[in-house]
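Report on the structure given below.
The values are calculated or read from the model by the stated rules, or taken from the named source; none is laboratory data. Keep in mind that what you see is a predicted model, and the values were worked out from it rather than measured. Cβ placement follows ideal geometry from the backbone for every residue including glycine, while neighbour counts extend to all protein chains displayed.
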Amino acid sequence: MTAVVPTPRAQRILFCESRHMTYVDLCDELYADWLGGTLNLSARVCAAFPNRVGSTTDYCPEPYLVFGDQSDPLVILATNPGNGEPFQRRDAVDAPDSPLKRLRFADVAPRLGDFYATTSRISMTARNRVHSMRDVARRLGKTGVLQVQLLPFHSDRLDKSWLEALFKEPLLRDYLDALKAHLDRFDTVCAMANVFLPAAKDKPLVRAFGSALGVDPAGWETVPFKHKDDRPTIGVLVARRSGRIRTVWCSSAYNQPPGTDLRDRFVAALTLVR
């Protein structure tokens, strides 16, 4: 059966009417509006997601990626997609070798996952991220990886101090509400934050992750892996919520799972909290 693309609205500024949509359906509409050139973002949102070339809406929204079997995936929560690349532009969608197609985003997400796992058109850092996520999932006995983004838009950089204001934007507020409900379906969710312990709990990014995961700052237990001058620097925040595991990996690396030297300890920390 041929996948059907949701019809883009003539103009979309708010998602307010979509509050009861599932996360997957909302992402389908977001992508359809982008394909149709009708995705209208506020000036604040556009300013928050700068790219090296072009504007925010030149590049496809990328709210989540699918890697492998999704019957029992490890869910990785990242901040937002990195700088937009030429193959992610709307004018590249119809290229024969494009991983983007005029389909529902639910059908595009696994295509993108397969593409990122094998292509040489992304950075070595990005390729290593995919390998690392899949390795952590394998060690935890998971069937695959579902990588979701706290924010769905590409950017070269992101000022974390803007997060609270950004989530007051109707579009992103509705996106976060749908994301919260979606994440609640999974037993293990691991967020990745480029912040150091011990002050991580009070950082804007970790607070935003906690909001998405239903964990307040006091609900995190700190499990340090590395110290400097007797102070913890790298480690993981762990919480149980309704029998489910929620973690935030804290290190200096942006959107990167634990390196090979700490991966066993990370997996052990998640296993012990079960």
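Condition check ((1) at pLDDT 90 or above; (2) within 27 Å of K160 (Cα to Cα); (3) not in a loop (DSSP other than H, G, I, E, B)) across all residues:
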| site | (1), (2), (3) |
| --- | --- |
| P6 | no, no, no |
| L14 | no, yes, no |
| E17 | no, no, yes |
| H20 | no, no, no |
| V24 | yes, yes, yes |
| D28 | yes, yes, yes |
| D33 | yes, yes, yes |
| G37 | yes, no, no |
For the range 222-260: of the residues being more than 22 Å from L158 (Cα to Cα) and part of a loop (DSSP other than H, G, I, E, B), which is modelled with the lowest pLDDT? S242
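Among the residues of the range 90-112, are any under 20 Å from G37 (Cα atoms), in contact with a His (Cβ under 9 Å, 6 or more places away or on another chain) and either in contact (Cβ under 8 Å) with a residue 24 or more places away in the chain or acidic (D, E) (or both)?
Taking the range 90-112 first, the residues under 20 Å from G37 (Cα atoms) are 90-95, 98-109.
After this cut, where a residue has to be in contact with a His (Cβ under 9 Å, 6 or more places away or on another chain) as well, the list is none.
Within the range 90-112, none of the residues are under 20 Å from G37 (Cα atoms), in contact with a His (Cβ under 9 Å, 6 or more places away or on another chain) and either in contact (Cβ under 8 Å) with a residue 24 or more places away in the chain or acidic (D, E) (or both).
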Anything in the range 67-92 that is of a type in the set (F, W, Y) and modelled with pLDDT of 95 or more? List them, or say none. F67
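Counting just the residues of the range 239-261 that are among the hydroxyl-bearing types (S, T, Y) and surrounded by fewer than 18 Cβ atoms within 10 Å (Cβ to Cβ), which one comes out farthest from D72 (Cα to Cα)?
From the range 239-261, those among the hydroxyl-bearing types (S, T, Y) are 242, 247, 251-252, 254, 260; that's our starting set.
From the residues that got through so far, the ones that are surrounded by fewer than 18 Cβ atoms within 10 Å (Cβ to Cβ) too are 242, 252, 254, 260.
Values: S242: 18, S252: 29, Y254: 26, T260: 23 Å.
Restricting to residues being among the hydroxyl-bearing types (S, T, Y) and surrounded by fewer than 18 Cβ atoms within 10 Å (Cβ to Cβ), the top hit is S252.
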Residue check: is P73 touching a Pro at 6+ places or on another chain (Cβ under 8 Å), of a type outside the set (A, V, I, L, M, F, W, C) and touching a residue at least 60 places away in the same chain (Cβ under 8 Å)? no
Within the range 147-166, the count of residues that are within 21 Å of N51 (Cβ to Cβ) and more than 12 Å from the chain's Cα centre (by Cα) comes to 11
Tell me, please, whether a residue that is more than 20 Å from A212 (Cβ to Cβ) and either touching a Leu at 6+ places or on another chain (Cβ under 6 Å) or buried (at least 18 other Cβ atoms within 10 Å of the Cβ) (or both) can be found in the range 42-49. no
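Identify all residues within the range 85-129 that are more than 25 Å from D25 (Cβ to Cβ) and part of a helix (DSSP H, G or I); write none if there are none. Break it down stepwise before answering.
Here is the first cut: in the range 85-129, the residues more than 25 Å from D25 (Cβ to Cβ) are 85-87, 91-92, 95-97, 117-129.
Of everything in the range 85-129, those that are more than 25 Å from D25 (Cβ to Cβ) and part of a helix (DSSP H, G or I) turn out to be P86, F87, D91, A92, A117, T118, M124, T125, A126, R127, N128, R129.
For the range 39-61: of the residues being of a type outside the set (V, I, T) and assigned to a helix (DSSP H, G or I), which is farthest from the chain's Cα centre (by Cα)?
Start the filter on the range 39-61 by keeping residues that are of a type outside the set (V, I, T), which leaves 39-44, 46-52, 54-55, 58-61.
From what's left, assigned to a helix (DSSP H, G or I): 43-44, 46-48, 58.
Details: A43: 22, R44: 20, C46: 18, A47: 20, A48: 16, D58: 19 Å.
Checking each candidate, the answer is A43.
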Checking D72 against (1) more than 25 Å from P258 (Cα to Cα); (2) more than 16 Å from the chain's Cα centre (by Cα), the condition it does not meet: (1)
Of S155, S132, which residue is surrounded by 16 or more Cβ atoms within 10 Å (Cβ to Cβ), touching a Pro at 6+ places or on another chain (Cβ under 8 Å), at pLDDT 90 or above and in a loop (DSSP other than H, G, I, E, B)? S155
Within the range 194-223, take every residue that is crowded, with 20+ Cβ neighbours inside 10 Å and touching a residue at least 60 places away in the same chain (Cβ under 8 Å) and give me the one that is farthest from R246 (Cα to Cα). L205
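Would the range 72-84 turn up any residue that is over 30 Å from A165 (Cα atoms) and of a type outside the set (D, E)?
Filtering the range 72-84 for residues over 30 Å from A165 (Cα atoms) gives 72-73.
Next cut, of a type outside the set (D, E) only: 73.
Scanning the range 72-84 turns up at least one residue that is over 30 Å from A165 (Cα atoms) and of a type outside the set (D, E).
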Since A95 meets every condition but one in (1) surrounded by fewer than 21 Cβ atoms within 10 Å (Cβ to Cβ); (2) at pLDDT 95 or above, which condition does it not meet? (2)
